[in-house]
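What follows is a set of notes on a single structure, which appears directly below.
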Amino acid sequence: MKLCDPYMARQRRIGKKAAVGRSLTLAAILVAGLATGSCTISFPMMSLIPSSETTGSIAQQISPLSPKLEGEDWRRAKAALNTALDPTGNGAPVAWSNPETATKGSFAPVGQAFVKNDELCRGFIAGLNFGSKEEWLQGAACRVGSEDWTVQDVKPAQKPS
């Protein structure tokens with residue numbers, strides 16, 4: 001027998017190709033089996049989503065002003081707060097409302113903006129109306145750069161005269 005027999009070398013190449021082909025076929029069958037559901041793995045997905053409260057798959061935003069002020073009401077109120085506290089604004093109160101829930105309110109800036117801990121801050125008075133219940137609050141909010149205002153301190157207040 002020759003050390004370099006062309007026939008034997010060809011047989012070895014064919015054998016290697018066949019082994020690779022069998023491996024690929026087996027892998028394709030395994031993938032197809034997993035894809036068609038013959039083997040499943042499940043785990044709760046909600047544990048992967050950070051949220052304090054959820055409705056379906058949409059996280060609800062709750063206001064730091066009142067636990068009754070959430071979702072769309074808080075989104076509208078926050079837009080009014082950002083407008084009212086803008087130091088380049090005219091200083092007038094800014095009202096907001098949500099016709100779907102009949103919740104409404106207003107924010108009035110108090111005094112001039114000031115710097116605290118490298119943040120721009122400003123005081124405010126807030127009036128919130130939840131149908132038959134009215135709440136008045138005073139507080140301060142701060143922001144960095146052009147970010148939204150973040151409510152820092154809030155406490156109950158008397159209705160302004």
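The values are calculated or read from the model by the stated rules, or taken from the named source; none is laboratory data. Bear in mind the structure is a predicted one, so any value in this text is a computation, not a measurement. Here the Cβ is made from the backbone with ideal geometry for all residues, glycine too, and neighbour counts use every protein chain on show.
Checked against the criterion of being under 25 Å from the mean Cα position of the chain (by Cα) and at pLDDT 95 or above, the candidates Trp96, Trp136 yield just one match: Trp96. Just wondering, is there one or more residues in segment 101-120 that are hydroxyl-bearing (Ser, Thr, Tyr) and either at pLDDT below 95 or surrounded by fewer than 17 Cβ atoms within 10 Å (Cβ to Cβ) (or both)? Within segment 101-120, one or more residues are hydroxyl-bearing (Ser, Thr, Tyr) and either at pLDDT below 95 or surrounded by fewer than 17 Cβ atoms within 10 Å (Cβ to Cβ) (or both).
Scanning segment 79-126 for residues that are over 14 Å from Cys142 (Cβ atoms), outside any strand (DSSP E or B) and either charged (D, E, K, R) or in contact with a Leu (Cβ under 7 Å, 6 or more places away or on another chain) (or both) gives a single hit, Glu100. Taken as a whole, the structure places Ser51 among residues that are modelled with pLDDT under 90, surrounded by fewer than 17 Cβ atoms within 10 Å (Cβ to Cβ) and in a loop (DSSP other than H, G, I, E, B). The residues of segment 134-149 that are touching a residue at least 60 places away in the same chain (Cβ under 8 Å) and in a strand (DSSP E or B), listed by number, are Glu135, Leu137, Gly139, Ala141.
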